[in-house]
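Peer 1: Just passing along the structure, written as structure tokens.
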Amino acid sequence: KELVLKCIKWLIIITSCSAVFAIFQEFIFLTTGTIVVGMIKKEELKRMFEGGLFRVPALMLSYRIFAVILAIVLIIIISLLVFPNPQVKDFKRKIYLYIASFLLSSALLLTQSQDVLLGFMVSIVFLLLFRMSRYFIHFIAVTLLLIAVTLSFLAYFPGKEDTISYIVKDIPKTERERMQLDRDGMQGFMHGDYKLSGRGHGNKYTANVHGWPAHNALILVLDEVGIFGLIIYLSMYIWVLIRLVFLNLVVKDTAYVPIVRGLLCGIIIYFIATQFTAAYMEPFLWILFALTESSALILAKNQVPLIKRESL
């Protein structure tokens, strides 16, 4: 069982070091204009600037996957700080986690990855609900009420078509472009010849000057490997989600509760982020799946005796 804690410990350390390097990248860019990166293609590098800032990738090939890792590790750190556990009792360890959370959150903001930030905000809500479970029913009731009021407003307000048009008219160009790509990908598959394009050729159904495919992992899987590929892809998420829900119900040891809470919120971040990206085979996804599955195999064994835990 100590391997779970050790793995989380080194995941936090390595990601914190990457965050420091990412902040260094931004500092060098702002002061000298020099771009310090790994082996990133020029075309990909051109898309890493926004608002006069460099969207830092650390030593990875993309700022987005770096943002995903930052967000998932950050939510685990927050979970360790929010839930009482014997690993971070003393002030010194808490300081280390606070410093790590500051570094990771700073680097995450510098990536300017809005889809990952959206997933992170949603996961924070879930984490707070876990911490204050007595308010869970209240939260669900308020959410359903807001949805009902919104739908009623759109359905019965005079000139509803104009109202909806007014709401969506100011969507940024990049977001409208993504919506069009997703629409093309879905319609192309539904009305196409059903000959799968194959891995890396998801732009078969889209008309884009850059040759981009649908910016939604589920639609992209559908375009590239078909409906059965989509079923297999979704089944992996469903399996991991079931495992994490099970873990959160059965794990009572306070040393591991924050970890299983953080992993569940992490998979929520990843799934939300995949709805806005043209990728579905990112390496860190398999690391997250492996960490979840191995933790489930270890922590779900009630007969395993308690052993001395490594300190975070």
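The values are calculated or read from the model by the stated rules, or taken from the named source; none is laboratory data. Small disclaimer: the values here were computed from a predicted structure and weren't measured. Counting neighbours? That spans all protein chains shown, and the Cβs are built from the backbone with ideal geometry, glycine included. All accessible areas refer to the heavy atoms of the entire protein, side chains included, with ligands and DNA or RNA removed. Shrake-Rupley method; radii C 1.70, N 1.55, O 1.52, S 1.80 Å.
Peer 1: Considering only region 257-291, state which residues are β-branched (V, I, T) and outside any helix (DSSP H, G or I). Talk me through it step by step, then tell me what you get.
Peer 2: First pass over region 257-291, keeping only residues β-branched (V, I, T): 257, 259-260, 267-269, 272, 274, 277, 287.
If the condition is that a residue be β-branched (V, I, T) and outside any helix (DSSP H, G or I), then T277 is the only one that fits.
Peer 1: Ok, one more. Filter region 34-85 down to residues that are among the small types (G, A, S) and not in a loop (DSSP other than H, G, I, E, B), then give me how many there are. Spell out the reasoning first.
Peer 2: As a first pass, look at region 34-85 and keep what is among the small types (G, A, S): 38, 51-52, 58, 62, 67, 71, 79.
From what's left, not in a loop (DSSP other than H, G, I, E, B): 67, 71, 79.
Selection size over region 34-85: 3.
Peer 1: Let me ask something else. Within region 82-106, work out how many residues are modelled with pLDDT of 90 or more and open to solvent by less than 80 Å² (accessible area, probe 1.4 Å).
Peer 2: Step one: filter region 82-106 for residues modelled with pLDDT of 90 or more, giving 95-106.
Next, only the ones that are open to solvent by less than 80 Å² (accessible area, probe 1.4 Å) stay: 95, 97, 100-101, 103-106.
Result for region 82-106: 8.
Peer 1: Exactly one condition in (1) within 21 Å of R261 (Cβ to Cβ); (2) open to solvent by less than 20 Å² (accessible area, probe 1.4 Å) is false for F54; which is it?
Peer 2: Of (1) within 21 Å of R261 (Cβ to Cβ); (2) open to solvent by less than 20 Å² (accessible area, probe 1.4 Å), only one is false for F54: (1).
Peer 1: What are the residues in region 279-297 that are open to solvent by 50 Å² or more (accessible area, probe 1.4 Å) and either in contact with a Gly (Cβ under 8 Å, 6 or more places away or on another chain) or of a type in the set (V, I, T) (or both), if any?
Peer 2: The one that is open to solvent by 50 Å² or more (accessible area, probe 1.4 Å) and either in contact with a Gly (Cβ under 8 Å, 6 or more places away or on another chain) or of a type in the set (V, I, T) (or both): I287.
Peer 1: Same structure, new question: Just one of L74, L97, L104, L109 is within 18 Å of the chain's Cα centre (by Cα) and under 18 Å from K6 (Cα atoms); which is it?
Peer 2: On the way: L97 fails: within 18 Å of the chain's Cα centre (by Cα); L104 fails: under 18 Å from K6 (Cα atoms); L109 fails: under 18 Å from K6 (Cα atoms).
Every option except L74 fails the conditions.
Peer 1: Provide a single number: the residues in region 67-81 that are open to solvent by less than 10 Å² (accessible area, probe 1.4 Å) and either out of contact with any Ser or Thr (no Cβ under 9 Å at 6 or more places or on another chain) or of a type in the set (V, I, T) (or both).
Peer 2: Here the count works out to 8.
Peer 1: Another one. Within the bounds of region 107-114, is there any residue that is surrounded by 17 or more Cβ atoms within 10 Å (Cβ to Cβ), modelled with pLDDT of 90 or more and among the hydroxyl-bearing types (S, T, Y)? Please lay out each step first, then the result.
Peer 2: Step one: filter region 107-114 for residues surrounded by 17 or more Cβ atoms within 10 Å (Cβ to Cβ), giving 107-108, 110-113.
The next check asks that each one be modelled with pLDDT of 90 or more; those that pass are 107-108, 110-111.
Those still in the list that are among the hydroxyl-bearing types (S, T, Y) too: 111.
Checked region 107-114: at least one residue is surrounded by 17 or more Cβ atoms within 10 Å (Cβ to Cβ), modelled with pLDDT of 90 or more and among the hydroxyl-bearing types (S, T, Y).
Every residue, every condition in (1) at pLDDT 90 or above; (2) crowded, with 23+ Cβ neighbours inside 10 Å, yes or no:
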{"site": "I13", "(1), (2)": "yes, no"}
{"site": "A19", "(1), (2)": "yes, yes"}
{"site": "T31", "(1), (2)": "yes, no"}
{"site": "V37", "(1), (2)": "no, no"}
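Peer 1: Please state which one of F83, F54 is within 30 Å of K41 (Cβ to Cβ), over 17 Å from the mean Cα position of the chain (by Cα) and not acidic (D, E).
Peer 2: Among F83, F54, only F54 is within 30 Å of K41 (Cβ to Cβ), over 17 Å from the mean Cα position of the chain (by Cα) and not acidic (D, E).
Peer 1: Write out, first by first residue and then by second, each pair whose Cβ atoms fall under 6 Å of each other, whose residues are 6+ apart or on separate chains, and whose first residue, in region 168-194, is open to solvent by 70 Å² or more (accessible area, probe 1.4 Å) while the second is modelled with pLDDT of 65 or more.
Peer 2: If the second residue must be modelled with pLDDT of 65 or more, the pairs left are R178/H215; M186/I219.
Peer 1: Quickly run through region 202-257 and pick out the residues that are surrounded by fewer than 12 Cβ atoms within 10 Å (Cβ to Cβ) and at pLDDT below 80.
Peer 2: Once the filter is applied, which keeps residues that are surrounded by fewer than 12 Cβ atoms within 10 Å (Cβ to Cβ) and at pLDDT below 80, region 202-257 yields A207, V209, H210, G211.
Peer 1: Based on this model, can you work out whether R64 counts as among the charged types (D, E, K, R), within 21 Å of the chain's Cα centre (by Cα) and open to solvent by 40 Å² or more (accessible area, probe 1.4 Å)? Before you say what the answer is, go through the steps one by one.
Peer 2: Working: among the charged types (D, E, K, R): yes; within 21 Å of the chain's Cα centre (by Cα): yes; open to solvent by 40 Å² or more (accessible area, probe 1.4 Å): no.
No; evaluated as a whole, the condition is false for this residue.
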